[in-house]
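Peer 1: Just passing along the structure, written as structure tokens.
The values are calculated or read from the model by the stated rules, or taken from the named source; none is laboratory data. Being a predicted model, the structure only gives us computed values, none of them experimental. Backbone-built Cβ (ideal geometry, glycine too); neighbour counts: all protein chains shown.
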Amino acid sequence: MRNVKKIFGTDAQRYVALDGIDLEVASGEFVCLLGPSGCGKSTLLNILAGFDQPSEGAVEFEGAPVRGAGKDRVMFFQDAGSALLPWLSAEENVRFALRVRKLPREEWPAIIDKYLVMVDLKDHRHKFPAQLSGGMRQRLQIARALAVEPKVLLMDEPFAALDALTRRRMHGFLLDIWKRTGKTIVFVTHDIAEAVTLADRICVMSVGPGSRITEVVDVGLPRPRDLTDPQAAALFRRVEGSLTW
Amino acid sequence: MVGMRAPLLFGASILIALAAWQFLSSFVFNPFLIPPPLVVLQTAIPMVKSGEIFRHVAISMARVGVGFFTGCAAAIVLGVVLGRVKLVNELLDPVIELLRYLSPTAMIPIAVIWFGIGETSKYFLIFWGTFFIVLINTTAGVMRAPIIRQRAAACLGASPLQIFLLVVIPSAAPYIVTGMRIAMASSFMSIIPAEILAADSGIGFLLQNSSILLQTNRIFVALLTICVLGFAFDRLFRIAVDRMLSRYMSYIALT
């Protein structure tokens, strides 16, 4: 994306949410957008997903401008309970993805099995989202997203509503899936530890209005990462130091 | 035994009420003004045997049925449009907000002039009452279909039509059904004044006719019939919804 600006409201009451964001994400890369509440992280992610258009600048995906939502870039929401279809069971939620993807029906059962096994929900396939725990719902959301075989996962604070232990498990889980599938991930968070644990690259955003990327930190530590390791701790402090609010 | 508690209490509640009624009308009030339950039962038996009561019930129910279902159908279609097309909503909402205060009862005089005292005027009045209740609920339900849910579906590659049919309409279903249930209760209430004022058959007519002839016992038969019918239809509606739409309804308490 180049020089993305987002301005809300009219001339009289304009609010410059994003003021010139430049970022290139490589295929297969894991990028975290880190910043405090109200820095426009979610606005930026909505633009990447195609839900929203930038006021200025351009977003390109594989050389073509992004126009609208599409299954090459699947958004992944914090509120899995809302994002999933609550009247469908776990299995049916994945089937819904295959249905809109227009795959031949004969292929469905194998694909549904594959992704439910991958997210470790095979034994819960007939349960409805309301009967699943928060972590299980997020895993189901992952399975449903992977079922359309996107190239990019856009994740909007997906684990922020989970308890600390479940979140840690989900981190290991997500990294495992990322390694196995080689997806590109753009992950929005306000949690420094989460960013340091997960990302190849951390883009620190300044608080709005007029938010921009103030610093890009290459993590370059081997995974799995131990945050008490001196190198990781130093990185944590460096990122913390670059945050403004 | 646990499962029996509710029906036992229900039966006890009815029995206590009947006993109190019998006592009050026999010893406290004038039994002509409030006929005791046993007298009402004596009056009801020949009306049931001759089929008189069923004729009135059938006529009233047919009126409620036609008005209710046409009203629901029209309201759901328009409600979905209002929920999805902002301009239509903005143009129609003020009118709807004004018109919905015209209860079916308020519309009786003009309905009689427009449609006479035949069936059409009753269909119209029930339609009128049903329409606005279901319309407002449907519009609200469609508008409140979570944006996240629609966006998530769009990401998966769902077309706008698929999002509409597979995400928005099911999300609105609980609102629509709730509106229909309220409208059904309202239909049972509005058919009575319509028949009292402008009909020669139906339960409302039975009430009015018995009143003119000072037959309080027959009035009470008609009143009890309304109670039982309304209650029975609401239960039937709930059972039908549980059978057919439970997966759309159950989550509402959980999310």
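Peer 1: Every residue in the range A:90-131 that is among the β-branched types (Val, Ile, Thr) and in a helix (DSSP H, G or I), please. So that I can check it myself, show each step before the final result.
Peer 2: Initially, the range A:90-131 is screened for residues among the β-branched types (Val, Ile, Thr), giving A:94, A:100, A:111-112, A:117, A:119.
Result: A:VAL94, A:VAL100, A:ILE111, A:ILE112, A:VAL117.
Peer 1: Now a separate question. If A:GLY135 satisfies every condition in (1) part of a loop (DSSP other than H, G, I, E, B); (2) surrounded by fewer than 21 Cβ atoms within 10 Å (Cβ to Cβ); (3) touching a residue at least 24 places away in the same chain (Cβ under 8 Å) but one, which is the exception?
Peer 2: Going through the list (1) part of a loop (DSSP other than H, G, I, E, B); (2) surrounded by fewer than 21 Cβ atoms within 10 Å (Cβ to Cβ); (3) touching a residue at least 24 places away in the same chain (Cβ under 8 Å), A:GLY135 breaks only (1).
Peer 1: When the residues of the range A:167-199 are filtered to those that are of a type in the set (S, T, N, Q) and not in a helix (DSSP H, G or I), which remaining residue is farthest from A:ALA233 (Cα to Cα)? Step through it out loud before you land on a result.
Peer 2: Within the range A:167-199, the subset of a type in the set (S, T, N, Q) is A:181, A:184, A:189, A:197.
Then keep just the ones that are not in a helix (DSSP H, G or I); that gives A:184, A:189.
On the way: A:THR184: 26, A:THR189: 18 Å.
Here the answer is A:THR184.
Peer 1: Does A:GLY182 count as exposed (fewer than 15 other Cβ atoms within 10 Å of the Cβ), at positive phi and out of contact with any Cys (no Cβ under 8 Å at 6 or more places or on another chain)?
Peer 2: Yes: the conditions hold for A:GLY182.
Peer 1: Just for the range A:139-166: of the residues that are outside any helix (DSSP H, G or I) and touching a Leu at 6+ places or on another chain (Cβ under 7 Å), which one is nearest to the other protein chains (Cβ to nearest Cβ)?
Peer 2: Of the range A:139-166, the ones outside any helix (DSSP H, G or I) are A:148-163.
Then keep just the ones that are touching a Leu at 6+ places or on another chain (Cβ under 7 Å); that gives A:148, A:154, A:156.
Values: A:VAL148: 5, A:LEU154: 8, A:ASP156: 9 Å.
By that ranking, first place goes to A:VAL148.
Peer 1: So A:GLY134 fits all but one of (1) within 21 Å of B:ILE147 (Cα to Cα); (2) assigned by TED's automatic domain parsing to the domain that holds A:THR197; what number is the exception?
Peer 2: Result: A:GLY134 fails condition (2) only.
Peer 1: Where residues in the range B:198-214 are without any contact (Cβ under 8 Å) to a residue 12 or more places away in the chain and polar (S, T, N, Q), which of them is farthest from B:PRO35 (Cα to Cα)?
Peer 2: The initial filter retains those residues of the range B:198-214 that are without any contact (Cβ under 8 Å) to a residue 12 or more places away in the chain, namely B:209, B:211-214.
If we keep only those that are polar (S, T, N, Q) too, we end up with B:209, B:211.
Working: B:ASN209: 17, B:SER211: 14 Å.
Looking at residues that are without any contact (Cβ under 8 Å) to a residue 12 or more places away in the chain and polar (S, T, N, Q), I get B:ASN209.
Peer 1: In the range A:74-84, which residues are facing chain B (nearest Cβ under 7 Å), in contact (Cβ under 8 Å) with a residue 24 or more places away in the chain and not acidic (Asp, Glu)?
Peer 2: Start the filter on the range A:74-84 by keeping residues that are facing chain B (nearest Cβ under 7 Å), which leaves A:74-75, A:77, A:79, A:81-83.
Checking the rest, the ones that are also in contact (Cβ under 8 Å) with a residue 24 or more places away in the chain come to A:74-75, A:77, A:79, A:81, A:83.
The answer is A:VAL74, A:MET75, A:PHE77, A:GLY81, A:ALA83.
Peer 1: Right, next: So B:ALA172 clears everything in (1) closer than 30 Å to A:GLY50 by Cβ; (2) modelled with pLDDT under 90 except one condition, right? Which one?
Peer 2: Here B:ALA172 clears every test but (2).
Peer 1: Among the residues of the range A:170-199, what is the count of those that are among the small types (Gly, Ala, Ser) and either assigned by TED's automatic domain parsing to the domain that holds A:VAL117 or more than 20 Å from A:LEU116 (Cα to Cα) (or both)?
Peer 2: Residues of the range A:170-199 among the small types (Gly, Ala, Ser): A:172, A:182, A:193, A:195, A:199.
Narrowing the set further to residues that are either assigned by TED's automatic domain parsing to the domain that holds A:VAL117 or more than 20 Å from A:LEU116 (Cα to Cα) (or both) leaves A:193, A:195, A:199.
Number of matching residues: 3.
Peer 1: Among the listed residues B:ALA183, B:ALA232, identify the single one that is under 12 Å from the mean Cα position of the chain (by Cα), surrounded by fewer than 21 Cβ atoms within 10 Å (Cβ to Cβ) and modelled with pLDDT of 90 or more.
Peer 2: Details: B:ALA183 fails: surrounded by fewer than 21 Cβ atoms within 10 Å (Cβ to Cβ).
Step by step, each of B:ALA183, B:ALA232 is checked, and only B:ALA232 is under 12 Å from the mean Cα position of the chain (by Cα), surrounded by fewer than 21 Cβ atoms within 10 Å (Cβ to Cβ) and modelled with pLDDT of 90 or more.
Peer 1: Looking at this structure, is A:VAL100 within 14 Å of chain B (Cβ to nearest Cβ) and either within 23 Å of A:ASP72 (Cβ to Cβ) or in contact (Cβ under 8 Å) with a residue 24 or more places away in the chain (or both)? Don't jump to the end; show me each part of the working.
Peer 2: Numbers: within 14 Å of chain B (Cβ to nearest Cβ): yes; either within 23 Å of A:ASP72 (Cβ to Cβ) or in contact (Cβ under 8 Å) with a residue 24 or more places away in the chain (or both): yes.
Taking the combined requirement at face value, the residue satisfies it.
Peer 1: Further question on the same structure: Mind listing just one residue for me: the one in the range B:145-177 that is within 15 Å of A:GLY81 (Cβ to Cβ) and outside any helix (DSSP H, G or I) and, of those, nearest to the other protein chains (Cβ to nearest Cβ)?
Peer 2: For the range B:145-177, the residue satisfying everything is B:PRO146.
Peer 1: Residue by residue through the range A:70-84, note down the ones that are among the polar types (S, T, N, Q) and assigned to a loop (DSSP other than H, G, I, E, B). Lay out the reasoning, then the answer.
Peer 2: Residues of the range A:70-84 among the polar types (S, T, N, Q): A:78, A:82.
Listed by number, the list holds a single entry, A:GLN78.
Peer 1: Quick one: is A:TRP87 among the aromatic types (Phe, Trp, Tyr), within 22 Å of A:ALA161 (Cβ to Cβ) and not in a strand (DSSP E or B)?
Peer 2: Working: among the aromatic types (Phe, Trp, Tyr): yes; within 22 Å of A:ALA161 (Cβ to Cβ): yes; not in a strand (DSSP E or B): yes.
So A:TRP87 fits the description; yes.
Peer 1: Something else about it: Could you count how many residues in the range A:113-130 are under 24 Å from the mean Cα position of the chain (by Cα) and within 14 Å of chain B (Cβ to nearest Cβ)?
Peer 2: 4
Peer 1: Inside the range B:37-101, counting only helices (runs of 4 or more DSSP H) that do not spill past its ends, which hold 3 or more residues that are touching a residue at least 40 places away in the same chain (Cβ under 8 Å) and over 30 Å from B:PHE220 (Cβ atoms)? Give the steps one after another, and end with the answer.
Peer 2: Numbers: elements: B:37-49, B:52-84, B:86-99.
Counting at least 3 such residues, we get B:52-84.
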